[in-house]
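The values are calculated or read from the model by the stated rules, or taken from the named source; none is laboratory data. Note that the structure is predicted; figures quoted are calculated from it, not measured. Every residue, glycine among them, receives a Cβ derived from its backbone with ideal geometry; neighbour counts consider all protein chains shown. Note: areas computed on protein heavy atoms with side chains; ligands, DNA, RNA excluded. Shrake-Rupley method; radii C 1.70, N 1.55, O 1.52, S 1.80 Å.
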Amino acid sequence: ILSVLFLVFLSNKTFAVSTTGEASVYKITMTYLQLCETGSTTASCLNPLTVGSGDSGLINIADTSAGVAAASYGDFSKVAFGKSYSHYQVTMKRAVTIKGSVSDGTNTCYTVSNSGDISKNVVGSETSSDEAEITAYMAMTISGLGDEINSISAGDGTGTAQAAGTVDDDDEYFQYRGAFTKKIILEPGKIPTLKLAFGTSSALAYEGSDGGCEAAIGQSQGLYGGKPDVTATVSY
């Protein structure tokens, strides 16, 4: 059976925002994992094969050393031999549990309180002692975010998906697509291992130009979960 390991992978990929910062706590929840046949792109998952479903529970990838598995998710026993898969599509909750700070070089904004509105960024604090573990939402609710991501209304494969690159402000879930480092082809006696790695170095994001920590409806200002950074490595 092909196993899936979720690892920490530090990178700087994120949305175009004013500032980003690393999270000391970063808990994500996966709800659906699919393999996409060869011919797929980051915008489209062809003939998706479901290999993981159900709430994974919160996975804190920020307190795991690079290269150490944080969780396993998925059952590959139904993958047919000989078929080729070039991409994956993972569905996750937009709500994340996060703790950290963002600095623009002059001011630092710390996580302090939960987001009470899925369509609104989170208010922070400029006092370090206020820093707390909070719930925030990933992704700014705009279009043009890159074709590998879009929001979806349900996390179990039955939801209505937005167009590639678009996140709707009332969708609780999003899909992320990426290419494997090499195609997955199952052969007798040659079962690969797939490792999905999530980045945390830019996990906390702040949008705004005044250097403060306020939030505004419409995602024009405040703290939020940055665009996920996912790397999929296949080894035999």
Within the range 17-38, is there a residue that is out of contact with any Cys (no Cβ under 7 Å at 6 or more places or on another chain), open to solvent by less than 50 Å² (accessible area, probe 1.4 Å) and modelled with pLDDT under 80?
-> yes
What are the pairs, 6+ residues apart or on separate chains, where a residue within the range 20-39 that is within 16 Å of Y137 (Cβ to Cβ) has its Cβ under 6 Å from a residue that is of a type in the set (S, T, N, Q) and at pLDDT 90 or above?
-> K27/T97; T31/T91
Out of (1) modelled with pLDDT of 90 or more; (2) under 19 Å from G226 (Cα atoms); (3) exposed (fewer than 15 other Cβ atoms within 10 Å of the Cβ), the odd one out for G144 is which?
-> (1)
Is it the case that some residue within the range 108-121 is of a type in the set (A, V, I, L, M), at pLDDT 90 or above and closer than 16 Å to Q175 by Cβ?
-> no
Select from the range 87-114 the residues that are among the small types (G, A, S) and touching a residue at least 24 places away in the same chain (Cβ under 8 Å) and write down the one among them that is farthest from I184 (Cα to Cα).
-> S103
Restricting the range 44-63 to residues that are assigned to a loop (DSSP other than H, G, I, E, B) and under 16 Å from the mean Cα position of the chain (by Cα), the residue that is modelled with the highest pLDDT | D55
Condition broken by Q89, with the remaining ones in (1) at pLDDT 90 or above; (2) under 29 Å from Q221 (Cβ atoms) satisfied | (2)
Of all residues in the range 157-200, count the ones that are at positive phi and either open to solvent by 60 Å² or more (accessible area, probe 1.4 Å) or modelled with pLDDT under 80 (or both).
-> 1
Within the range 75-106, track down each residue that is open to solvent by 50 Å² or more (accessible area, probe 1.4 Å) and part of a strand (DSSP E or B).
-> K93, K99, S103
